[in-house]
Amino acid sequence: MWGVGQLVTGALSDRVGRKWLIAVGMWTQALAIGLIAAVGSFWPWAAGALLLGAGTAMVYPTLLAAVGDVAHPSWRASSVGVYRLWRDGGFAVGALLAGVVADLAGLAAAIWAVAALTAISGVVVAVRMYETRRRTPSRPGPPAGDTAPPPPGTAGPRLHQADRLAAQHPPASRTAPPQP
């Protein structure tokens with residue numbers, strides 16, 4: 001579900017935006033994790049696993065797209081690397097904390113704690129994140145099948161968003177030295 005679902009949700013985030021797909025995906029993951037913690041037989045557990053895959057498919061490609069939306073092309077690869085460092089580091093820290101909770105309160109409590117943290121993360125996204133996908137007015141495009149490059153200055157919404165952010169926060173290495 002997760003792997004195949006990303007083919008749909010990645011493109012969907014280009015149409016509907018990033019923020020709410022991420023928030024709803026996290027809430028779907030939380031619901032699925034809670035279902036997995038609550039049930040004791042195979043079929044409800046399998047349904048929870050499918051639901052977890054659907055939520056993860058909503059979140060993973062969309063978070064990467066959001067990073068791409070706000071990162072200028074000159075530092076986009078580095079920003080994806082930093083995002084992946086924190087995300088993957090969260091897996092390690094989360095596993096250690098879940099182990100501590102499991103030792104102190106049992107395995108079910110650890111799974112419920114993960115569900116709760118995932119739901120809270122969805123709330124944080126809903127409250128604090130801004131929509132990174134910039135909507136542009138529709139303009140006529142080339143006919144279907146035309147592979148001509150876009151006209152200069154029309155590189156798309158991601159580049160425009162990234163240029164705007166780069167202008168607001170230029171890296172220190174690109175700023176002019178102080179004048180004497």
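Only residues that are among the basic types (K, R), in a helix (DSSP H, G or I) and either in contact with a helix residue (DSSP H, G or I) (Cβ under 8 Å, 6 or more places away or on another chain) or surrounded by 12 or more Cβ atoms within 10 Å (Cβ to Cβ) (or both) were counted in segment 83-136, giving 2. All told, G68 meets the bar of being touching a Lys or Arg at 6+ places or on another chain (Cβ under 8 Å), assigned to a helix (DSSP H, G or I) and at pLDDT below 95. Yes or no: segment 49-56 includes at least one residue that is modelled with pLDDT under 95, closer than 19 Å to A119 by Cα and either of a type in the set (S, T, N, Q) or assigned to a helix (DSSP H, G or I) (or both). The answer is no; no qualifying residue exists.
In segment 1-30, the qualifying residues are those that are surrounded by fewer than 18 Cβ atoms within 10 Å (Cβ to Cβ) and within 29 Å of L107 (Cα to Cα), and the one that is farthest from the chain's Cα centre (by Cα) is M1. Flag not set for S74, criterion: modelled with pLDDT under 95, in a helix (DSSP H, G or I) and surrounded by fewer than 17 Cβ atoms within 10 Å (Cβ to Cβ).
The values are calculated or read from the model by the stated rules, or taken from the named source; none is laboratory data. Please read these numbers as outputs of a predicted model, since none were measured by experiment. Here Cβ is always computed from backbone atoms with ideal geometry, including for glycine, and neighbour counts include all displayed protein chains.
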